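Here is the structure we will look at, set down as C-alpha cells.
The values are calculated or read from the model by the stated rules, or taken from the named source; none is laboratory data. These figures come from a predicted structure and were not determined experimentally. Here the Cβ is made from the backbone with ideal geometry for all residues, glycine too, and neighbour counts use every protein chain on show.
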C-alpha cells in the first residue's frame, strides 16, 4: 500500500512540476498586467498597426498555405515513389530550423543580393526585404510545414478505395481531389490551418531578420512586444495578453480534436 | 483542496531549487577559476573581445565572459536580475534607468564614440552626406529609438533637418550594420567605431560635427569582486585604450 502511494507520488510530483512550468509564466503575465490601464496601453501608437499587420499577413499566409499546401499534402499522402519519404523530410526542415536561420536563408534567396532576389530586382524592379511581402514570405516559410503535415496526416487516414471509386465513376484526379478528398479531410484542413495560423502569428526570428522592423509595415505584433518591452513594458504586457487571448480562442476552436 | 495546496507548495519548492539555480552561479567565487561577467553595448563587440583576451592572457586562471546587446537591453537585463559583474554602456542616457541598488562604486568613462553613416562598399545609393538620407528611393536603416544609437541618430537627423527614408529600425547597432553589410540597405547610421571595425565591408560617410553626437561609454561595476576590479582597471590601461582606438573609439 505504502509503495503504491510512493509510486503514485513519483508520477504526480513531476506532473505538477510540468503544469507549473507551463502555467507560471502565463499567470505571471496576468498578475503583472495593469488591468485598469490596458485600454490606454493598447492605444499606444504601435499596438494597433502591429495587430492590423499581423492579421493581414497571417491571413495571407493561411490562403497561400491552403492553395499550395493542400495539393502537396495530397501528393505526399498518395505517392508511392521511393523519393517521397525524403521529400516529406525536406518539407519538415523549416519546422525544426531555428526561425532566425530561416530568416538568413530567406535573405540569401530573396534579398537584394540574393540568389533569386537579384534577378527579381533586375527584371521586375522588386525588392522584397523591408516590405509586408517579406513578412508573408517569412510566415509561409515557417507555417507551411505545420499545415502540410497536419493535412497529410488526415489524408493518409482516408481510405484509398474512395479515390478508386471516384475514378471508376469517371472523375478526373482533380475532380476527385476537389469533391471527394478535400471535403472528407475538412477537419484535418481546419486543424492544419489553425496550427499554421498560430505559428505565423507568433513568428519573430525570420521576420525581424528578413523583413526588418518598421511600424505599420513590417512590425508585427510579436516584434512590437519585443520593442515595447524596453520603452513601455505595460504596452508589451497588454499586447501579449491580446495574443494570449487569440491563442486561447484558437485552442478553443481545436477543442473537438485535441481537448477531450 | 488540500492535495492541490500540497501540490502547489511542492512545485514551488521544486522550481525554486531546480529552475532558478541554473541561472544563478554567482561568478567569481570558484576556488580556481575567477570569472568576470561583462554585459556591454554591442558597439564594443570587437574591442572588448580583444581586451578580454589580453586580460586572460595576462592573468592566467581568469575567464572574462562577454555578452553584447543594445545598451537599453543591457540595462533591462540587469534590472531583471541578470548575473553580471560589470556593464559598459553606450551613452549615459541608458544608465538612467539602471536600478541604483545594483551599482557598486561609481561609473567611469572608458571611451567615447561619434556617429557615422555606413554604406555598402560600392555605395549603390550614392550617399555622400546626411542630407542624402531623405531620398525616397533610398533604403535607410536605423537603430530602434530605445537603443542609444537610435536615440543619437534621431538627434543628428533632427539637427540636420533631415527626415530619413527609413525602412527598418533594428534592435542594436550591429544588427543595423549587418543590413548594410548584406547589401540590403543603402545606408545606416551607426558609430564611427562600427565602420572602423567592419574594415572594408562597409564604407563610411562623415556626419558634420555641427550635427553629430558624441557618446561617452560609462563602465559601471555591479559587484565588489577583486577580479572584476582588476579587469575594470585593465580596461583603462594604455594597452586597452590602444585596442579601443584601433577600433575607432576615442579614449580619455
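Can you say whether residue A:251 is away from chain B (no Cβ under 14 Å) and without any contact (Cβ under 8 Å) to a residue 24 or more places away in the chain, as far as the supplied structure shows? Taking the combined requirement at face value, the residue satisfies it.
Screening segment A:7-98 for helices (runs of 4 or more DSSP H) wholly inside it with 1 or more residues that are within 21 Å of the chain's Cα centre (by Cα) and more than 14 Å from every other protein chain (Cβ to nearest Cβ) returns the ranges A:47-64, A:70-78, A:84-96.
Of the residues making up segment A:113-131, those that are within 28 Å of the chain's Cα centre (by Cα), farther than 17 Å from residue B:180 by Cα and assigned to a helix (DSSP H, G or I) number 1. Kindly establish whether residue A:228 is crowded, with 19+ Cβ neighbours inside 10 Å, in contact with a helix residue (DSSP H, G or I) (Cβ under 8 Å, 6 or more places away or on another chain), more than 14 Å from chain B (Cβ to nearest Cβ) and part of a helix (DSSP H, G or I). Here the answer is no, as residue A:228 does not meet what is asked. Suppose the filter is in contact (Cβ under 8 Å) with a residue 40 or more places away in the chain, within 14 Å of chain A (Cβ to nearest Cβ) and either over 21 Å from residue B:216 (Cα atoms) or not in a strand (DSSP E or B) (or both); does residue B:78 pass it? So residue B:78 passes the test.
Counting only strands (runs of 3 or more DSSP E) that sit wholly inside segment B:117-215, those with at least 3 residues that are within 14 Å of chain A (Cβ to nearest Cβ) and crowded, with 22+ Cβ neighbours inside 10 Å are B:140-143, B:166-170.
Listed here are the residues, each with its yes/no results for (1) at pLDDT below 95; (2) under 12 Å from the mean Cα position of the chain (by Cα).
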{"residue": "B:66", "(1), (2)": "no, yes"}
{"residue": "B:78", "(1), (2)": "yes, no"}
{"residue": "B:91", "(1), (2)": "yes, yes"}
{"residue": "B:107", "(1), (2)": "yes, no"}
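Set side by side, the residues B:66, B:48, B:44, B:89 differ, and just one is touching a strand residue (DSSP E or B) at 6+ places or on another chain (Cβ under 8 Å) and surrounded by fewer than 22 Cβ atoms within 10 Å (Cβ to Cβ), which is B:66. Of note, residue B:223 satisfies the criterion of being surrounded by 19 or more Cβ atoms within 10 Å (Cβ to Cβ), in a loop (DSSP other than H, G, I, E, B) and not assigned by TED's automatic domain parsing to the domain that holds residue B:185. Checked against the criterion of being away from every other protein chain (no Cβ under 14 Å), surrounded by 14 or more Cβ atoms within 10 Å (Cβ to Cβ) and either free of Cβ contacts under 8 Å to residues at least 40 places away in the same chain or under 28 Å from residue B:166 (Cα atoms) (or both), segment A:104-124 contains not a single residue that satisfies it.
Residue under question is residue A:20, and the condition is that it be surrounded by 16 or more Cβ atoms within 10 Å (Cβ to Cβ), closer than 23 Å to residue A:243 by Cβ and without any contact (Cβ under 8 Å) to a residue 40 or more places away in the chain; does it hold? Spelling it out, residue A:20 is indeed surrounded by 16 or more Cβ atoms within 10 Å (Cβ to Cβ), closer than 23 Å to residue A:243 by Cβ and without any contact (Cβ under 8 Å) to a residue 40 or more places away in the chain.
Please state which one of A:54, A:60 is surrounded by 19 or more Cβ atoms within 10 Å (Cβ to Cβ) and touching a residue at least 24 places away in the same chain (Cβ under 8 Å).
Unique residue meeting the criteria: A:54.
Of the helices (runs of 4 or more DSSP H) lying entirely inside segment A:139-219, those containing at least 3 residues that are away from chain B (no Cβ under 14 Å) span A:160-168, A:173-176, A:186-201.
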